Each structure stands twice: as structure tokens, then as C-alpha cells.
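What follows draws every value from the coordinates through simple rules; no lab data is involved. Since the structure is predicted, the reported quantities are computational estimates derived from the model, not experimental observations. Virtual Cβ from ideal backbone geometry, glycine too; neighbours counted across all protein chains shown.
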Amino acid sequence: MDTSRTPAAAEPGEAAAASGQEEKVWRAGGLEPMPIRTLPDAPPSIHILGPTVFLVALGVGMGESYMWPRLVLLFGPEIRWLFLIGVTLQAVVMLEMARYAMATGESIFFGAARVFKPLMWFFFVVAILVYIWPGHLSAGAAAFEQITGIPWVITAVAGLILVGVVFSLAKVIYNLLENVLSILIGTLVVGTAVVAAMVGTWGDVTSTITGMFAFGYLPQQALSEAWFPVIVGSIAFAGPSGMQQMWYTLHLRDSGAGMGAHIPAVRGLRHAGEEEAMPSRGFMFDTSNPEEMRKWKGWRRWVTFDALLLFWGITMLVTVSFTVIAQAAARNTPGVRTVIESGEREAALNAMADSFASAGSSVLGGVFLGFIALIGLNATLGLFDSFSRGQADMSFHFVRGAKKLGMSRLYAAFLWGVIAFGILILLFGPADGPSGILDTLAFLSTFAMGAYCVTLLLVNNRMLPKPIRPKIWTNLIIGFGAVFYLGMLLYSLFAFGVVVG
Amino acid sequence: MPTRQAELALPGALIGVVAGAVAGGLTLLAGQPAGWAAISALTLALPLGLLGTGYSILLGQNLFRPGVFAPAGLYWLAGFPLARLFQETVTGLAVFGHVSLPGGVAGFLAYQAMVSLGFAIGFLWLHERLMPHWLMRLRERNPRARELLAAYVEHAEALWLAKERRRARKGAR
């Protein structure tokens, strides 16, 4: 694909030259050009926590704690090679999302709008359709009910209100969330290690790890109408799923990574009045200046460290631990295998917890459920913030009159909107969404992942100056991602008539 | 002087104790026998708390460097399996009257050593998060905390400079 020329009025590969008084700008697509500004210095790698903590918090969820352990029990540890591919692919996607966000300070949604505005509106609509349903709260809240006896609907509603209040009172939302999520993730990692240490054996962990390298293993049973859609769904849920990677670009911007340093952070509603003026587009740095390119390489190293060690490493660690835990549960109590296989998520999680309690490790039943509740809390905090951030960003830039409200108020409006809707649905409706559209929602969530791979290829190869565009091998991997997600989804749909499970 | 050292040890001790004790608290909530939960939690919280204390103190004595994984990984590679061995032994004797380790002592320790890597990552993550905040609180009255905080800052700068030099060398080639 020859994408070396930026469209329309752009000067290919170069910042439009400054004439006398004219400001130097980079033209990308038909939208407002980006003024050229200085790229800040990249932080050293001692800064071990960054915006990746959001991706880890969102990504380490049901896929790692439930869906993959379940597949391992069904098909053996060899099935985990698909998980390895899924998470590695997501690490590359993360690096490419970061490329655009760090080079421009714009979200990937803005980048999509620069390519073709309806593409951005597609993601705006998909986000609303998929993420307003409060179903993701149920697993964590149900686990909490098991431990404390407090009905899960009450916990879920209280949790929703708490999230809204906390995010409204925070001065700078990003700082608050990074601190809270860091402590929660750290606790989760330490805790799962302790639990895995108490229930697992040497055999469990070696089979789980060696299983990751059984490339090509796919038993006949997995290629059935009942299981193929489940496998597709599990691959989509390996690491961050749906639109989580796209929202990561907003967190990067708010953390001040790369050119994000020139964009003010989103504030809580109570401090919305103190918000600095939000620029109407991002900025670009001078890619013809070797000093700027040296700093750019520093930022790429910084984000690569995050992607490999924090994102890839921790996602792997948590899922290996949970798989070891599930294997131990199935060994201790043979009945657990049947419940896990049956696909009733909450029943399976409870059965795993009971299995530990009855097998002598009484401590672990409660701990296990505690971690499921913790994962649920992480996901809720992260999802509500991210959803509101993404919708506010798109509305601010592309809905007429929205700029008057300001980014922080738009954020608060979306946040409280999704909370109010969530409470109404929890009390009176189906938490996951109306049963008639469940398949459509699952389809859209996975479809969005294929679609963002295509968007990434277009945005990074057409909207960025030549010296900072992705290399060919990166494009090949992202292209493979698009084919992988969309291909598996469509194969499942046409071969078996079922979307993801 | 010992009080000052002890003050520095708080973050490590806290993480160790919480990691061990969280298990006991949740067991009580889950309605398990209180005695059993208490023994299990105590026998893990105690050694992990002591080892956490040791880590923070050694960091205070400049034997470990802030944010560097390898020494912390080695420390827990030795410490975590021993902590678990202590827990299994004492809990086994107190509750069942005998000790049974899955896979024998060698297999048990090998498996625990493997898991200790995960524990070390989580421990260091939390420790690096808590320690600088704690040092900032202590720096007014504790000179050792002031020095250690300066070491954190200096270490970050040194890493940064080393990287810059490497880059410059690469550029010159």
C-alpha cells in the first residue's frame, strides 16, 4: 500500500513551510492543520508506572480470570498459544495507538476523523451501543455478595454512585485514577501470586507455560458450532477488548506523554471552572530536526518498555496464575470441571471458590472471590472513565456548540448519563442489554477491534509525517490483526451462524 | 538510630503483612472457622512482613537500588519459598497435626520459587509506589529518609544520564 502522500492540501511528508509571519503547521486530512511545537523530553524508565496502568486495569478482566482458564480445562493447556498471539497482537496495537497520540496529542478518534469523519462517528455509536449496559458490574458485585451477603444490585448501584462522586470531586481525574488503579493492580498481582502459591503445583505452571508454545494446536472439538464462537470471543478478550485500546490514547494524552504535554488535562466537575482552554486540534513536532527526532525515539522507548514489561508481562502473569488456580480447583473437586464447562460464569467462579474452601485451603475461597470483586472494581472505574472521556472528546471537537460547555463538563455529562442509565437498568431492566440484541453487541465489540486495526493503518500511514510512520513489519502485524479479528468473526458467523460467545 | 531505620521499613513491612493477612480477613468474611483463618493468615503475614521489613531496611542501607528489579527478584526467590514453607509447616501442625507438602519439599520449594517472581513484581510495584511518598513525609525529621529520597532522585537522574550517554555514543558511531 502506497500511503506516502497525505491527502488534500497536505505537503507530503513535510511540515508546510513557514513564510514570513505564517506559523509552521502540519496538514493532515481535511481538518484544521496542527501547529508545530517542541516535543518535551521523554522521562527515564525509572518512571515504572504510566498510563499503561489503565490498559492493564481494563485488560485484566474476565478474559484472564475466567474465559481462558475455562478453555484450558476444556481443551488442555496447549490452547493457550492463541492467548499468546492475542496478547502479543494487543501489545503491538498499543504501541501503534501510542504512536499517533504521542506524535499529535490527539486521540485516535480525532485521527479517524482526519481520515474520514463517518469512521469516527461509527466508533461514537458503537461505544454507546456496547458500553452503556452495566452488565460488566455483575460479576464483581456477585462475588462481593458471596463474601459479604450484601445483595449485588445494592453494591452495584452504590459502586456506580461512588464512581460518579469521586470523579466529579477530583481535581485532575487522571492523577486520581492512576494512583487508585496502581494500588489495586499491585494488590492484585501480589495477591494472585500468594493464591497461586497456595493452591498450585509445579506441574500446573509448567504445563500452562509450555502450552503457550503449542502453535497450531486446535482440537476437532474446538472447531464446532458450540466452541468456535467461544474461542473467538476469548481471543478478543485476551488483554484489552472492544474499544479499550482507543481510549488508551486519551489517557496517554492526559498523562502528558509526547505532544500530549501541550493539551490540558480533564478535570472533575467541581474544578471544571479552573480548566485551561482546550485547543481545537493537536500539535506536531518538527520531524526534520534531529534533536526532536532523538526525543521522539526516547518516547518510543518509554512506551515500548510499558508495552512489554507492564502490559504484556502483567497480563501474562495474572492469566497464568488464574489458569493454575482453575486447574487446581478442577483437581480438588471433580464436579467443578462440569460447572466450568457449562459456561455459567458466576456458578463457575463460585464453584472454584468452594473447591478451595472444601479442599482444606479454606482461606482461598474468600480470597479468590475477593480478587474477582477487585477485578470488577478495576473494570468499572476504568470503563466509566474511559467511555466518558472518549465520548466527550468526540463531542467537544465535532458537535457544534459543544466547545462552549468545555471538556470537563462534557465528561461529567457523559459520566452521569451512563451512571443514571446504568442504575435504571440495574433496577428495572436486563443488565447486559436486551436479550434480542446481545448477539449484535458481542459482534460489534469484536468488529470494533478489527475496525480499529484498519483505522490505525490509515491514520498512522496517512496522517503522520514520513519519518515517524510505522515500519513495514509493524504494518504487517496490524494488518494481520485486522484479518485475524474480522476473519474469525465472519468465519464464525458464516460457518456456524453464531457470533462470538 | 534504630527507630529511624524502623521508620524506613514501614512500606515493605506493610506490603508483606497485608499480602499475608488479606487472606485471613477474607476467610472470616466467608464464614470459615476463625482459628484456622487466623493461623493461616498469621503464619504467612509474619514471615512476609519480616522479609518486607528486611527489603526496605536493605534499601535504606544502599544494598538495593530503588526501582531495580533483579536484586528484589533474587531476594524474594529465596525469601518467598521459605515464608510459604513456614506457613505450611506451622498451619499443618496446628490444624492437622502433620505436614504434607505437595510434590515433596524439593518440588514444593521449586514451585514456590517460580511463583515468587510474580510476587516480587507486585511487591516492587507497590513498594516503589509507597516508598517515595513515605520518605517525603519523613524527610523533615529523619536524616536517613532525606538521604534515601535524594538517592531516589539521584538514581532517576543517573539512569537518565547513562541513557543519554549511550545514545550519544550510538549517534557518534
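Reported to two decimal places, what Rg/Rh ratio describes region A:453-501 when computed on Cα atoms with Rh from the Kirkwood expression?
A ratio of 1.18.
Taking max minus min of the alpha-carbon positions on each principal axis, region A:126-240 gives extents of 52, 37, 33 Å, largest first. A crude spin-label estimate for the pair residue A:121 and residue B:110, with each label 7 Å from Cα along the Cβ direction, gives 6.3 nm. Legend: calculated FRET efficiency, residue B:69 to residue A:226, from the Cβ-Cβ distance at R0 = 41 Å, rounded to 0.05, equals 0.40. Multiplying the residue separation of residue A:403 and residue A:491 by 0.36 nm and removing their Cα-Cα distance gives an extension gain of 27.4 nm. Relative to the compact-globule estimate of 2.2 N^0.38 Å, the Cα radius of gyration of region A:175-244 comes out at 1.54. For region B:43-117 versus region A:244-266, the inter-centroid distance based on Cα atoms is 39 Å. Estimate the FRET efficiency between residue B:93 and residue A:150 by the formula 1/(1 + (r/R0)^6), using the beta-carbon distance for r and 41 Å for R0, to the nearest 0.05. After rounding, the FRET efficiency stands at 0.65.
Its residue count N fixes a reference of 2.2 N^0.38 Å for region A:182-340, and the Cα radius of gyration divided by that reference is 1.46.
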